[in-house]
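Structure record follows, encoded as structure tokens.
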Amino acid sequence: MNLITHFVKNTIRRPLHPPDLRRTARLIERWFSRHQRPLPWRVAYDPYHVWVSEVMLQQTRMEVVLPYFARFLERFPNLGSLAAATDDEVTTAWSGLGYYRRAKMLRAGAASVMETFDGTIPSTVDELLTIPGIGRYTAGAIASVAFEQRAPIVDGNVARVLARLFALESDAWPLAEELVRASKSPRAFNQGLMELGALVCKPRNPACLVCPVHDACVARATGRIDELPPPKPKKATRELRIPLYLVRDRRGRVLMRRASGTLMDSMYHLPHGDTSLFEGEPFATTTRQLLGTFRHTVTTRRIEFVVYAATISRRARGYEWIADIDEVPHPSYVRKALKLER
Ligand code: SF4
């Protein structure tokens, strides 16, 4: 290595000190004020809107959440309307978003706020943690984003930014806490960290040149961006191939059955070749015509659905004719299968 290369590698790009917490927080807050995406819950920072958005965004991408968020708030415009709804009404509005337990817990949480906090969402992490379905992350998000409390949050985006910025290989929560304490606006800082991870410090090919903290970033200076954060061990996946049957009656209604097991609890499903969801007799078709196939992933299961238009000689026990699938809670694969009829 010649002298110039050595100087560039070890002096110019290498920060002499770990990033200063106050300065880092300010830079991220300022960047957020200029580059934040206009999102519906950022209009008024209504605690109910923030809560719903945070629950929807767990395990679901932003572009998928946005139309659901708008429809959900039309259907349940405030905490009281959500608390007064049934689980079925809430999971129906949630149909297609997946991870339906989130919807039920959100409803249970709303009911608990009505009962315990007189309908007002509390502002502190300790109080928020007493609400069913609210854990450390959601409590921190509501407290900081809706109420400007100095509460830390760590999601996948935040963990990645902090791991790279500080070359951190351990739990990111203590550092997230120190940083939010050093911030001017916990709302701007926490959202800025998340937004930075979503838009700039992406898992692959981070846009370091436009990053507001690039001059302090240890991973960038030491060439360790690809190593940080350390990869998590991958969960084993299962490949499945499942036949799926679209059966309609003369009125165009679709044959469905409500699952009673824990998998996709209480949702309406199309009859399919894997009867493990249902108890009792297997489903039998009399005629069937292939409509197509599609792939679908549920947690660690990678499923190829093979979809048939089918007729049956008699209705199997426990099935119902459904006129409008929007009226019943159903998983997102149902809509994908119905699209193949067109
Ligand atoms: Fe991430 Fe690059 Fe910014 Fe470091 S400089 S925090 S790696 S985007």
Inset, instruction - Report the calculated FRET efficiency for residue 46 and residue 288 (r = Cβ-Cβ distance, R0 = 56 Å), to the nearest 0.05. - result: 0.65
Inset, instruction - Please give the per residue volume of the convex hull enclosing the alpha carbon atoms of segment 290-337, rounded to a whole number of Å³. - result: 116
Inset, instruction - Run through the DSSP bridge list for the chain and note the antiparallel percent, rounded to the nearest 5. - result: 65
Legend entry - Label-point separation in nm, residue 124 to residue 342, each point 7 Å along Cα→Cβ: 5.3
Inset, instruction - Rounded to whole Hz and in sequence order, give me ³J(HN,Hα) for segment 180-185 from the Karplus expression 6.51 cos²θ - 1.76 cosθ + 1.60, θ = phi - 60°, writing x for Gly and Pro. - result: 5, 5, 7, 7, 8, 10
Legend entry - Where trypsin sites (Lys or Arg not before Pro) fall in DSSP loop in segment 25-73, at most 14 other Cβ within 10 Å: 61
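Sorted from fewest to most neighbouring beta carbons within 10 Å, what does the list 95, 266 look like? It would help to have the intermediate numbers written out before the result.
Working: 95 22, 266 16.
Listing 95, 266 from fewest to most nearby Cβ atoms yields 266, 95.
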Legend entry - Long-range HN-HN contacts of residue 303 with modeled amide H, under 5 Å: 240, 296, 297, 298
Inset, instruction - Quote to one decimal, in nm, the extra length available between residue 253 and residue 71 on full extension: 0.36 nm per residue of separation minus the C-alpha distance between them. - result: 63.1 nm
Inset, instruction - Assign unit charges at the C-beta atoms only (+1 for Lys and Arg, -1 for Asp and Glu), then state the dipole size of the chain relative to its Cα centre in Debye, rounded to the nearest 20. - result: 1380
Inset, instruction - Scan around residue 308 for amide H atoms under 5 Å from its own, H built in the peptide plane at 1.01 Å from N, and keep only partners 5 or more places away or cross-chain. - result: 244, 245, 246, 291
Legend entry - Isotropic mean projected area of the C-alpha convex hull, segment 25-84 (nm²): 5.0
Legend entry - Under-5 Å amide H pairs with residue 119, H placed in peptide plane, nonlocal only: 114
Legend entry - Efficiency of FRET between residue 260 and residue 178 - r from beta-carbon atoms, R0 56 angstrom, step 0.05: 0.70
Legend entry - Karplus-derived HN-Hα couplings along segment 60-66 (A = 6.51, B = -1.76, C = 1.60, θ = phi - 60°), whole Hz, x at Gly and Pro: 9, 6, 3, 5, 6, 5, 3
Legend entry - Dipole magnitude of segment 103-240, debye to nearest 20 (Cβ charges: Lys/Arg +1, Asp/Glu -1, about Cα centre): 540
Inset, instruction - Can you tell me how much longer the chain between residue 207 and residue 321 gets when fully stretched, taken as 0.36 nm per residue apart minus their C-alpha distance, in nm with one decimal? - result: 35.9 nm
Legend entry - Rounded to whole Hz, the Karplus (6.51, -1.76, 1.60) HN-Hα couplings of segment 133-150, x for glycine and proline: x, 9, x, 4, 5, 5, 4, x, 5, 5, 4, 7, 6, 8, 10, 6, 8, 7
Inset, instruction - Alpha carbons only, please: Rg and Dmax for segment 154-247, in angstrom. - result: 17.4, 61
Inset, instruction - Give the cross-link partners of residue 232 among the aspartates and glutamates, using a straight C-alpha distance below 15 Å as the criterion and excluding same-chain residues fewer than 8 apart. - result: 155, 169, 171
Legend entry - Options 297, 157, 260, ranked by Cα towards positive dipole end of the chain, top entry (Cβ charges): 297
Legend entry - the chain - convex hull of alpha carbons, volume per residue in Å³: 169
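No lab work stands behind these numbers, since they all come straight from the coordinates. Computed from a prediction, not measured in an experiment: that's the story for all the values here. Note that each Cβ is placed from the backbone with ideal geometry, even for glycine, and that neighbours are counted across all protein chains shown.
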